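Okay, so here's the structure we're looking at.
Read-outs: derived from the displayed coordinates by stated rules, not from any lab. Predicted, not measured: the structure shown is a model, and the values here were computed from it. FYI the Cβ positions are ideal-geometry reconstructions off the backbone, even for glycines, and counts take in every protein chain you see.
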Amino acid sequence: MNPFAQPRPKASVLDAIEGYYLASTLNQLHRVGLLEQLRGGSTVERLGCRFGYTPDLLATLLEFLVQRTDLVTRSGNEYRLAETFTDEYFLGFQLDKFIGGYGPAIASLEESLRREDWGCSLVNRVVESEAYGRFGPPPNPVVLAIMRTLTSQAMLDIGCGPATTLTALAERDAAFRGWGVDVVESMCDAARARISRFGFEDRIKIIHGDGRDLAAVLPADLREHVEVVHCNSVINEFFGGGDSGAVAFLRSLSALFPERLLLNVDYYGKLGRVDAIPSQYRHTVVHDVIQALTGQGIPPESREEWLPIYETAGVQLEHTFEGDDSGIEWFVHVVRL
């Protein structure tokens, strides 16, 4: 079961207050490793002894989670993490990403509201990169299928994260060569560690640098070898203040990699772009909020809204693949630069 796909009514004031208490409780218990102990089940007495917590308060908070969420269950005096949430993606990764990583931006909302770029500087990139490195988000299967059809096997992955796409392609094809660029140093460390585990150091190189300035990050002789440019959740960062940032970025890619293919892998935004947002897109709405908080803006909500952006940038959309998963409407746009 996918817990993100469950429709829910709009929140009342009390729902919002309750959500704040629940999120604070979950984040604390996750941060110290107590939720991990619940995977196999445990009692308040054992947990209180292990973590040095007051048993009565801990029991109250665990019962709060049992009664008001579907994350924790109780049988007699034993508490256990619900089976659905033993999957790292549905609990630990989400808490680390939205609360550990991006939470400081909303905790300091006064500053975020006064400076459009303030929230971006508050994001805890170390926590975020550790979450991505631990979860190892799987590569988009459409991207893997597209790469199978191409004779060229040389990819530049901008915003490569923990390099799951690059390692998947290298594992499948011994001829594959890849370069990954990421602005977060700890994310580069996670990517290099993954590449080392797979033994692909001779075929995949990770470069710490800003994907917004690839001319300075990548030497010209390296750029000549790139045949496919891959951007996963990268271009959505360029919509703060309108579409001009995305247009400029696409133009820069076209100038650096003329006639090469761009695989733009991203999601369709909803908040402020759709009047009535279906309840199954709660995950998208939360993501849209952190996009706004960090000055990235809300990306277009459909293929049709992307078309004039590509046209203005002077690039050509050749194919569109779309899907819906975990409350996110994602797409892969195959673009000729």
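Things worth noting here:
- Taking Cα atoms only, the orientation of helix 55-68 departs from the longest principal axis of the chain by about 60 degrees.
- Burial ranking of peptide ranges 183-190, 143-150 (average Cβ count within 10 Å, highest at the top): 183-190, 143-150
- Shape call, the stretch 231-337: gyration tensor on alpha carbons, a/c limit 1.5: prolate
- Option label - percent of Cα pairs over 32 Å apart computed here, alternatives (1) 29; (2) 53; (3) 35: (3)
- Residues of type aspartates and glutamates that LYS270 reaches as a straight line, Cα spacing below 16 Å, ignoring anything fewer than 8 places off in the same chain: GLU237, ASP243, ASP288, GLU301, GLU304, GLU305, GLU322, ASP324, ASP325, GLU329
- Highest mean first, the peptides 238-244, 11-17 sorted by other C-beta atoms within 10 Å per residue fall in the order 238-244, 11-17.
- With both residues required to sit in the chain, DSSP beta bridges show an antiparallel share near 55%.
- DSSP-loop GluC sites (Glu not before Pro) across the stretch 10-86, with at most 14 other Cβ within 10 angstrom: none
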